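Worksheet: the structure to be examined is printed underneath.
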Amino acid sequence: MRDRTGRAGDAGTREGGRASEGGKAGAGGKAGQGGRVSEGGDAGEGGDGIRTFPFPTELAVRGVGIQIGTMGGDAAWHGEAPLDRVHRIDFHVVMLFTDGPVRHMIDFAEYEAAAGDLLWIRPGQVHRFSRTSEYRGTVLAMQPGFLPRATVEATGLYRYDLPPLLRPDPAQLDALDAALAQLRREYEDTTTLPLSLHTAVLRHGLTAFLLRLAHLAASSAKAAQEQPDSTFTLFRDAVERDFATNHSVNAYADALGYSRRTLVRAVRAATGETPKGFIDKRVILEAKRLLAHTDLPIGRVGVAVGFPDAANFSKFFHLHTGQTPVAFRAELR
């Protein structure tokens, strides 16, 4: 097998390479270096207190809904968001590395990427860049809504159950390199097509790249042979939407028009978990996010994830983590 180190440089990302004007993407070189503030790029702060930064449309070539560039330098999503601080973004980011190792935190899990690996961060995930790692390679950012709904479904853009760290084999990496290189060339070509056609070409190129990426992600999750059926997909989407107010398996089954037994079979086949375990896991993740990254009182954290009674929330959290909410928060600060 060929050495993968530096192989991704064929996508126009060799160290020292530069994106065209406006094509420098937002993942900085060494995290913690100050980023530039984008006009109109102010972050929002949701009810959970975690800063969420918007897609930097004003930095994209011709204002289209994607951005591709070379990782490195001092750019960030926003000047008030040093990269080594936890934050959310409301868009997709895919980083293809030409050097490593790089350590990156996504939703309380630390991932170590090497040359030729990819990290796929989805909207709403809490993440943090490493203070010591040098990020080298290509970064692709994509605004939700840039692709039609059918493409979103086909590419699994919101499959939060799939792993963010992807390790393609040499053949897969070559194909991803080629797709990303072509997409970048089209992105930086601002002279040969009118904006409407330029945007259409980008959508097609992005779709080709994401279909390959989605297949790799599904394979990495050992799900390439059997995609989750529609029963699990509908349940997963309902939980993502309603987990803060609905913890009842029967309520989800009734709302979706399935028997409890059907729902149990579908969720177990797709994840190896029970529906109740799947719901509880999502609730615990959100509770951890709020405890670690906000100053909300414990009682308000409980209310935010569906526990009006603080004592019940503490019991639930301790049952699933072995720690009280207070101890979990103190351990991280």
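The values are calculated or read from the model by the stated rules, or taken from the named source; none is laboratory data. Computed from a prediction, not measured in an experiment: that's the story for all the values here. Glycine gets a Cβ as well: all are built from the backbone with ideal geometry, and neighbour counts include every protein chain shown. Calculation scope for accessible area: heavy atoms of the full protein, side chains included, ligands and nucleic acids excluded. Shrake-Rupley method; radii C 1.70, N 1.55, O 1.52, S 1.80 Å.
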Given a 1.4 Å probe, the accessible area of the range 179-275 per residue, as a whole number of Å², is 54 Å²
Surface/4 estimate of mean projected area, convex hull on alpha-carbon atoms of the range 179-300, nm²:
11.6 nm²
Within the range 139-182, backbone nitrogen closer than 20 Å to the virtual label 7 Å beyond the Cα of A200 toward Cβ:
145-152
The range 264-333 shape via C-alpha gyration tensor axes, a/c threshold 1.5
prolate
Label-point separation, R261 to A114 (7 Å along Cα→Cβ), nm
4.8 nm
Distant-in-sequence amide H partners of R51 (H built 1.01 Å from N, under 5 Å):
R88
